Amino acid sequence: MARLVNVSYRVAIPKKGMSAGGLAVGLAESLKASRGLWFGWSGHTVAEPSGKAEVSEIGGVTYATVDLATADHGPFYAGFSNATLWPLLHYRLGLMEFDRAAFAAYRRVNAALAEALMPLLRPDDLVWVHDYQLMTLGAELRQRGFAGRIGFFLHVPFPPRDIWVSLPQGAVLLEALLECDLVGFQTETDRGNFFHGAARMLGLQTEGNALIVKGRRVATGAFPIGIDAGGFARTAVRAATGKPVRQMRESLGDRALIIGADRLDYSKGLINRFRGFDHLLRSNPAQRRRVTYLQVAARSRVEVAQYRTLRRELDQLAGRINGEHADFDWMPLRYMTRDVPRTTLAGFFRIARVGLVTPMRDGMNLVAKEFVAAQDPADPGVLILSQFAGAAMELREALLVNPHDAEEIAEALGVALAMPLDERKARWEAMMARVREVTAASWGKAFLERLTAA
Ligand code: ADP
C-alpha cells in the first residue's frame, strides 16, 4: 500500500475534546492504514520563514506544518484565494477582484509549500492536494522532480469556460492542474465544466473522461463528499435532550422552527433567504406568530471586504424584518453571527420543522446532509434546498428552489410548513437512504482508489 500524503491549506491536527471535521473523518482510515502524512500551513506567519516543516506523529499519522511569509499570506489568502478565485469559482464575476501582485503571492506560497514538502516525500507516495488555495502546488512538485502520483480535489464548484476565461491566468491554472494525474470534483456538472473548458482553452484531445496532455492521460472524475450520517444522527438524538435544545424548545412555545446554519458568505444566499422569509410573513398571514426562523451565520473571512459588506447588509435586513413583523412576545427572526457547538446545532436541526439551505452556488453543502441525518424518523422536518447546491444532485426529494427568487423561497416555506406527516416521511426516507450511502469515508476511498489506478 502506497503512503498517502495529504496536502491542504489547513491541517487538522487531532486535539483532545475536539471533534474532527469532514476532511479529517474522510481521510482518517487511509492515513492510518498507510501510516500517512498530512502536510500544510502551521497557522503562523513570520517575516522570514525557515521553509522547514515542523513534524509530529499522533496515532501513527505524521503531521507536518510550515510557517508562511507574513508579506505573502494576505495577498495569497484574502487576496487571490478569496477575493479572486472564490467568487470566480462560485460564478460571481461581479464580486471578483483582480491584482497581478496577489497572483504572484499565490504562486510563491504554493511554491514555498512544495519546497518544504519535497524533502518529506518518497518516490512512491500517493499525493492528494486539496482545494482552490493550492491549485499550482502539484505543478511546483513536478518542477522539483516529484514523479509519483498526484491527485487534486476541488471542494467548491468549477464554472463554465466563459466565466473561467475572465481570469487572466485561467489557462495557467488549468495547465498547472493538468500536471496532476487525477482532478476530482463534487459533481458531474463541475467535472464537465472543467473538462470541456480545459479541452477547448488548451486545445487538448480527450479519451473518455481523461484529457490527453503531451501524451499523458489526466483523469477527471466526480466524487461527491458525504458525512458520517449515523454518527451525526446519534449526536442529534443525544443533543435533543440536552440543556440548550430544551431551552430552545421552551422558548419556541408551539411555534414551528425554521433553521439555517451557514458560514457568513455571499455564496450562501442569506440576503435572499431573509427576503424569502419576509415575503412569507407578508403573503401568508396565517403563518405570522406561528413560526420562528433561527439563522446561525458563523463569521468568516472578515479580512475580505465583500464579507464585511455582506454582514452590514444582513444586520440591516434582519433589523428591518424584526422591526416590521415582531410583536412584544414574538421575534420572527433570530439571527446570530457566531459558531454554535456542533452538538447543539445537531439538536436544533432535529427539532426544526424546516431546514432552509439556499446557497446561490455551493460545491456540495454539508449542512443539507446534516439536516437530513439529524431528523426524527417518526416526525421528520422538511428540507428546502437550492437547486444550485451540489447536494441537490443527490437530494432530489427536498423542496428544490431557485435561490434567486425570494418569492419561490416563500412559497416553498408555505408548502413545507403545511406538509402532511406521510409526505414528510416519504421524502425524508428517500433522502436519508442516500445520505447514508455516500459518507466522508466512502468519498475518500473512492478518490484514492481512482488515484491509485491512475
Ligand atoms: P462550507 O464548507 O462552505 O462552510 P458546508 O455546508 O459544506 O459549507 O459545511 C459547513 C460546516 O460547518 C457544516 O459541518 C456545518 O455544520 C458547520 N456550520 C455551519 N454553520 C455553523 C455555525 N454557525 N456554527 C457551527 N458550525 C457551523
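Is at least one residue of the stretch 403-415 modelled with pLDDT of 95 or more, within 16 Å of the ligand (Cβ to nearest atom), assigned to a helix (DSSP H, G or I) and closer than 29 Å to S283 by Cβ?
No, the stretch 403-415 contains no residue that is modelled with pLDDT of 95 or more, within 16 Å of the ligand (Cβ to nearest atom), assigned to a helix (DSSP H, G or I) and closer than 29 Å to S283 by Cβ.
Does the stretch 233-269 hold any residues that are within 15 Å of the ligand (Cβ to nearest atom) and charged (D, E, K, R), and which are they?
Scanning the stretch 233-269 gives D262, R263, D265, K268.
Can you give me the ranges of the strands (runs of 3 or more DSSP E) entirely in the stretch 1-88 with at least 2 residues that are more than 21 Å from E449 (Cβ to Cβ) and more than 16 Å from the ligand (Cβ to nearest atom)?
37-46, 54-58, 61-69
Can you name the condition, by its number, that F328 falls short on among (1) at pLDDT below 95; (2) within 16 Å of the ligand (Cβ to nearest atom)?
Among (1) at pLDDT below 95; (2) within 16 Å of the ligand (Cβ to nearest atom), F328 violates only (2).
Considering only the stretch 73-86, state which residues are touching a Ser or Thr at 6+ places or on another chain (Cβ under 9 Å) and buried (at least 21 other Cβ atoms within 10 Å of the Cβ).
Residue satisfying the conditions is W86 alone.
Could you check, for the stretch 310-323, whether at least one of its residues is of a type outside the set (S, T, Y) and touching a Gly at 6+ places or on another chain (Cβ under 8 Å)?
No, every residue in the stretch 310-323 fails to be of a type outside the set (S, T, Y) and touching a Gly at 6+ places or on another chain (Cβ under 8 Å).
Please pick out the residue among E411, E397 that is touching a strand residue (DSSP E or B) at 6+ places or on another chain (Cβ under 9 Å), among the charged types (D, E, K, R), free of Cβ contacts under 8 Å to residues at least 40 places away in the same chain and farther than 30 Å from T220 by Cβ.
Every option except E411 fails the conditions.
Could you please find all residues in the stretch 338-358 being in a loop (DSSP other than H, G, I, E, B), under 18 Å from the mean Cα position of the chain (by Cα) and more than 8 Å from the ligand (Cβ to nearest atom)?
Hit for the stretch 338-358 is T358, nothing else.
With respect to the numbered conditions (1) within 21 Å of V340 (Cα to Cα); (2) within 26 Å of the chain's Cα centre (by Cα), which one is the sole condition not fulfilled by A256?
Every listed condition holds for A256 apart from (2).
Just to be sure I understand the filter: pairs with C-beta atoms under 7 Å, separated by 6 or more residues or on different chains, first member in the stretch 114-129 and over 15 Å from L451 (Cβ atoms), second member crowded, with 20+ Cβ neighbours inside 10 Å and among the acidic types (D, E). Which pairs pass?
Close Cβ pairs satisfying both conditions: A114/E140.
Out of the residues in the stretch 283-314 that are hydroxyl-bearing (S, T, Y) and in contact (Cβ under 8 Å) with a residue 40 or more places away in the chain, state the one that is nearest to the ligand (Cβ to nearest atom).
Y307
Which one is nearest to the chain's Cα centre (by Cα), of the residues in the stretch 359-394 that are surrounded by fewer than 23 Cβ atoms within 10 Å (Cβ to Cβ) and either of a type in the set (D, E) or not in a loop (DSSP other than H, G, I, E, B) (or both)?
It comes out as L366.
The values are calculated or read from the model by the stated rules, or taken from the named source; none is laboratory data. Being a predicted model, the structure only gives us computed values, none of them experimental. Heads up, the Cβs are rebuilt from the backbone with ideal geometry, glycines too, and the neighbour counts pull from every protein chain shown.
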